[in-house]
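Working notes, structure below.
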Amino acid sequence: MVQFAEGCLWEQLTPQRPVSPALIGERSADVCIIGAGFTGLSAALRLLEGGKSVCVVEAHQVGHGGSGRNVGLVNAGTWVAPDELDKVLGSVEASRLNSALGAAPALVFSTIDKYRIECQDTRTGNLHMAHNAKGLA
């Protein structure tokens, strides 16, 4: 486990994660996923649901990287305003991205429910604030 300069609140509040054995010898799977963070595990889960065999390889622990060092919010957006995405991606791709982002929280919570994941989730909505009209747009 990584040693932080100061104590990490998340590590103090959560139970110790199980240590997985090192990969020794050969394994065969339809898909090998490198990284057991949110993205890697989500991809593995979707592939398993689709009938594929999956091997997830992680150098440290599940959630070791960015997935284990965030504020734990589930939200439907980016730091870039939707109209700015149009300028960068074009209207078709921006619309596809915004639709995917809008559906993401429901997907997260339905996965939590389906697999009875114990994660202290809360579903209290979002609060978007701005200090001027431009920030609200």
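Values quoted throughout were computed directly from the atomic coordinates according to the rules given, and no laboratory measurement underlies them. Computed from a prediction, not measured in an experiment: that's the story for all the values here. FYI the Cβ positions are ideal-geometry reconstructions off the backbone, even for glycines, and counts take in every protein chain you see.
As an exercise, use a Förster radius of 41 Å and the Cβ-Cβ distance of L107 and H131 to find the FRET efficiency, rounded to the nearest 0.05.
0.85
Which entry in (i) 2, 8, 13, 12, 13, 14, 12, 10, 7, 5, 2, 1, 0; (ii) 2, 7, 13, 16, 17, 16, 13, 9, 5, 2, 1, 0; (iii) 2, 9, 20, 21, 19, 15, 9, 5, 1, 0 matches P(r) over Cα pairs in 5 Å bins from 0, in percent derived from the coordinates of this structure?
Correct label, based on the coordinates given: (ii).
For segment 74-137, just say rounded, prolate or oblate: build the C-alpha gyration tensor, square-root its eigenvalues into a ≥ b ≥ c, call rounded for a/c under 1.5, and beyond that prolate if a/b exceeds b/c, oblate if not.
oblate
Rank-order 69-77, 92-100, 30-38, 13-21 by packing density, defined as the average count of other C-beta atoms within 10 Å over each peptide's residues, highest first.
In decreasing order of mean packing, 69-77, 92-100, 30-38, 13-21 become 30-38, 92-100, 69-77, 13-21.
Express the relative contact order of the chain as a whole percentage, based on alpha carbon pairs under 8 Å and six or more residues apart in sequence.
16 percent
Using 0.36 nm per residue of separation minus the Cα-Cα distance, give me the extension gain between Q12 and S99 in nm, one decimal.
Stretched fully, the Q12-S99 segment lengthens by 27.7 nm.
With r as the distance between the Cβ atoms of E49 and D86 and R0 = 25 Å, compute the FRET efficiency 1/(1 + (r/R0)^6) and round to 0.05.
Using R0 = 25 Å, I get an efficiency of 0.15.
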